[in-house]
Amino acid sequence: MGRVPIVAGNWKMNKNPEEGFSFVDEVQNLLLEIKHVSIIFAPPFTGLFEMNVHPPFYSAAQNCHWESNGAFTGEVSVSMIKECGAKYVIIGHSERRHIFGELDDWINKKLKAILNVGLSPILCVGETIDQRDKGQTEQILYEQLDEGLRGITNFEDCVIAYEPVWAIGTGVTADNEQVRLAHSAIRDILKNKLKGSDDVHILYGGSVNSANAEDLIQIEGVDGFLIGGASLQLDSFTSIARTVEMVQEKKL
Ligand code: PEP
């Protein structure tokens, strides 16, 4: 049956719970026709409990801690996230790696905790512009995947998001060939080096919008998007979701 495309919106630190609740309500009402795409909303933790989603709509947390409880001020565990009804947890986002200093080792612990409670991690990987300019893109992808997925034998519930750091929130999108090559490198690493499953989704993220979505979703190896800025507006988010649905429908 193949991989069902995913359109995930990462709201970052935007939308208070009430705004989030009505946004999700409106999106679900506007996208009643969606049948071939999974749509994910990732609000701040404060909005997660209020989220009233029904398949093919799902909710996600933007982060988690790997311990189940304890003296970790400011942190939230995966079982708390699960109880809010979320199905996914984003980990390793470049803002967490670069602003908050997250290490691959922590990301690996988070990933294991997420899988242990039956949720799905959305593991973000991607190179900085400096690393790309030095020709290190594939090596960085390998290191982040190898360390992030260390000790995992069942990959089925994992989602990978390729997010070149230089394309996040900048309005600069990776060009089609850069996206194709990075996705193919990730697939190769997952399959041949880490012995992972073909079921793993590989999403693209980095300045996706309603104007470039149709082009990007047709690139070989792109199974959907992780979207920041354009996921906050009704018109852009629903337009991207419809585009992915239309392209997927044509394939079936
Ligand atoms: C993101 O935050 O994951 C992201 C891809 O942001 P944007 O779409 O705004 O570049």
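The values are calculated or read from the model by the stated rules, or taken from the named source; none is laboratory data. Since the structure is predicted, the reported quantities are computational estimates derived from the model, not experimental observations. Glycine gets a Cβ as well: all are built from the backbone with ideal geometry, and neighbour counts include every protein chain shown. To get the accessible areas, we keep the full protein, side chains included, count just its heavy atoms, and leave off ligands, DNA and RNA. Shrake-Rupley method; radii C 1.70, N 1.55, O 1.52, S 1.80 Å.
Per-residue SASA remark: TRP106, around 80 Å² accessible (1.4 Å probe; ligands, DNA and RNA not included). For an R0 of 22 angstrom, estimate the FRET efficiency from the Cβ-Cβ distance between ASN176 and LEU252 and round to the nearest 0.05. Between ASN176 and LEU252 the formula returns 0.45. Over the residues of the chain, the helix contribution to mean residue ellipticity at 222 nm works out to -11000 deg cm²/dmol, using -39500 (n - 2.57) for each DSSP H run of at least 4. Figure legend: label point modelled 7 angstrom from the Cα of VAL4 along Cα→Cβ; residues of the stretch 177-217 with amide N under 14 Å from it are 201.
For THR128, the accessible surface of its heavy atoms amounts to roughly 30 Å² (probe 1.4 Å, protein chains only, rounded to the nearest 10). What the Cβ-Cβ distance of ILE99 and ASN212 gives, at R0 = 25 Å and to the nearest 0.05, is a FRET efficiency of 0.45. Computing the accessible area with a 1.4 Å probe over protein heavy atoms, can you report the carbon and sulfur percentage for the stretch 41-174? That fraction is 49 percent. Candidate cross-link partners of LYS195 among the aspartates and glutamates, defined by an alpha-carbon separation under 16 Å and a same-chain spacing of 8 or more, comprise GLU143, ASP146, GLU147, GLU156, ASP157.
Rolling a 1.4 Å probe across the protein heavy atoms gives the chain an accessible surface of 46 Å² per residue.
Each principal axis of the Cα cloud of the chain was evaluated for its coordinate range; sorted largest first, these ranges are 49, 44, 35 Å.
Electrostatic bookkeeping for SER22 treats Lys and Arg as +1 and Asp and Glu as -1; over the other residues with beta carbon under 11 Å from its beta carbon, the sum is -4.
Evaluated with a Cβ-only charge set (Lys, Arg +1; Asp, Glu -1), the chain carries a dipole of roughly 420 debye about its Cα centre, given to the nearest 20.
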